[in-house]
Amino acid sequence: MGDVPMSEDDTEVAAAGARRLAPPVPSLPGSLTSLTARRGARVVVVAGPGVLAAGAASGVRTLAGITGATVVNTVGAKGLLAWDDPLHGGTVGLQADDAALAELTTADLVVTTGLDASESTSLAAALTDRAGAEPGAVVDVHPAHLALAAGGWPPADGPGPRPPIYDRIASVVGPLYAAEVALGDPVPPPQAARALADGLPPGGLVVAPPGRTGFWVGRTFPTSVAGSVVITTGDPAGTAEEVARRAASAGRPTTLVVDAHALPPAVADGSLLREATQEGRPLVVEVWAGPDAEAAPAPGRRAVRVDWSALDALVAVAGPPDASIWPGAGSIG
């Protein structure tokens, strides 16, 4: 028998999965974007996944070093800078107030680079509104041109201060990371995310679909290696499983993190793990369930009981989850 033809939906999912694992490099513009020198200006750089695709991390550092900018990244560029790097101002676009707290609505100059608008509805809207209200306040620079864009600036004395978002989020997730939890009790989601990071093998990948797990992994997974986390925002349903399948097929140790209350069909029916087991692929499915769930995973799956109420404290400091990272959660808070 020949291969069964792929449906249109299957084709879209396959294409989205392939794109997530090998993001396209943004096309080069016809000319270099140059930033007009502004001594003492407050500059914030917003870096997206296109920066990683272009291998332009050094360009971000060069631009920040010249202008004194602080650098915030979207969830698709987690790990671009280490969490404790003086240039790092946090991950943005996960909650409704992120853009304002990252000073994207108030900084003298916002430099965007390598962004994917599908990652965050609120971030895209904030940047569009700022650009419309203040022409020249938001400038997009191709990742390949970052090191050259501010060539005429007088060098800054050092990195600018981190925007409020960094301390606001840290004030909530820091205590959650450190919270003492009795054996067998549900853990705060940040602890579950940190355990994933601590157990990540060399070359490993953590994948989560939009929703509760995607939000918490995106917000609190301590990323030390760029490209080690994929949240499939803006992609068709099934893309997270496709990314996990493809990565594991290539021999990359992969963990797919899903919500017990929203199990993807390929996880619920066991087909994803059966296929991986039969072919010897390094794939693990981790199911995050609420405090009252039974910790009895199916074969090949591991269960983690989490305390979802931890969201309340984050909503209090940065607003409800963005509609792209957690569809349907905009009314929380």
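Remarks
- Filter result for ALA195 (out of contact with any helix residue (DSSP H, G or I) (no Cβ under 8 Å at 6 or more places or on another chain), under 27 Å from PRO321 (Cβ atoms), modelled with pLDDT of 95 or more and not in a helix (DSSP H, G or I)): no
- Here ILE66 clears all of (1) farther than 29 Å from LEU205 by Cα; (2) modelled with pLDDT of 95 or more except the condition numbered (2).
- Any chance GLY40 is over 25 Å from ALA208 (Cα atoms) and in a helix (DSSP H, G or I): no
- Check on ASP108, of a type outside the set (Val, Ile, Thr) and open to solvent by 30 Å² or more (accessible area, probe 1.4 Å): yes
- Leading residue by the ranking (least open to solvent (accessible area, probe 1.4 Å)) among those in segment 173-204 that are β-branched (Val, Ile, Thr) and either in contact with an Asp or Glu (Cβ under 7 Å, 6 or more places away or on another chain) or more than 30 Å from THR67 (Cβ to Cβ) (or both): VAL187
- Leading residue by the ranking (nearest to TRP83 (Cα to Cα)) among those in segment 146-178 that are assigned to a helix (DSSP H, G or I) and more than 23 Å from the chain's Cα centre (by Cα): ALA147
- SER118 being open to solvent by 20 Å² or more (accessible area, probe 1.4 Å), under 20 Å from ARG219 (Cβ atoms), out of contact with any strand residue (DSSP E or B) (no Cβ under 6 Å at 6 or more places or on another chain) and at pLDDT 95 or above: no
- Residues that are open to solvent by 10 Å² or more (accessible area, probe 1.4 Å) and among the aliphatic types (A, V, I, L, M), drawn from segment 46-55: LEU52, ALA53, ALA54
- ARG168 being open to solvent by 40 Å² or more (accessible area, probe 1.4 Å), touching a His at 6+ places or on another chain (Cβ under 8 Å) and closer than 30 Å to ALA316 by Cα: no
- Candidates in segment 172-192 are the residues that are over 13 Å from SER309 (Cα atoms) and in contact with a strand residue (DSSP E or B) (Cβ under 6 Å, 6 or more places away or on another chain); of these, the one that is modelled with the highest pLDDT is ALA192.
- Any hit, segment 126-135, residues being buried (at least 18 other Cβ atoms within 10 Å of the Cβ) and under 20 Å from the mean Cα position of the chain (by Cα): yes
- Yes/no for ARG281 being of a type in the set (D, E, K, R) and more than 23 Å from ILE325 (Cα to Cα): yes
- Number of the condition not met by LEU81 [criteria: (1) closer than 21 Å to THR232 by Cβ; (2) out of contact with any helix residue (DSSP H, G or I) (no Cβ under 7 Å at 6 or more places or on another chain)]: (1)
- Residues (crowded, with 24+ Cβ neighbours inside 10 Å and closer than 14 Å to GLY160 by Cβ) located in segment 65-75: THR67, ALA69, THR70, VAL71, VAL72
- Residue match in segment 57-64 (condition: open to solvent by less than 40 Å² (accessible area, probe 1.4 Å) and in a loop (DSSP other than H, G, I, E, B)): no
- Where a residue in segment 100-129 is within 17 Å of GLY319 (Cβ to Cβ) and its partner, wherever it lies, is part of a helix (DSSP H, G or I) and open to solvent by 40 Å² or more (accessible area, probe 1.4 Å), with Cβ under 7 Å and at least six apart: LEU101/PRO164; LEU101/ARG168; ALA124/ALA117
- Candidate set: segment 96-105, residues that are in a loop (DSSP other than H, G, I, E, B) and not acidic (Asp, Glu); chosen: the one surrounded by the fewest Cβ atoms within 10 Å (Cβ to Cβ): THR105
- Note on segment 205-321: enclosed strands (runs of 3 or more DSSP E) holding 2 or more residues that are touching a helix residue (DSSP H, G or I) at 6+ places or on another chain (Cβ under 6 Å) and open to solvent by less than 10 Å² (accessible area, probe 1.4 Å) are 205-208, 254-259, 283-289.
The values are calculated or read from the model by the stated rules, or taken from the named source; none is laboratory data. Computed from a predicted model, the values in this text were never measured in an experiment. Counting neighbours? That spans all protein chains shown, and the Cβs are built from the backbone with ideal geometry, glycine included. The accessibility values were calculated without ligands, DNA or RNA, using every heavy atom of the protein model including side chains. Shrake-Rupley method; radii C 1.70, N 1.55, O 1.52, S 1.80 Å.
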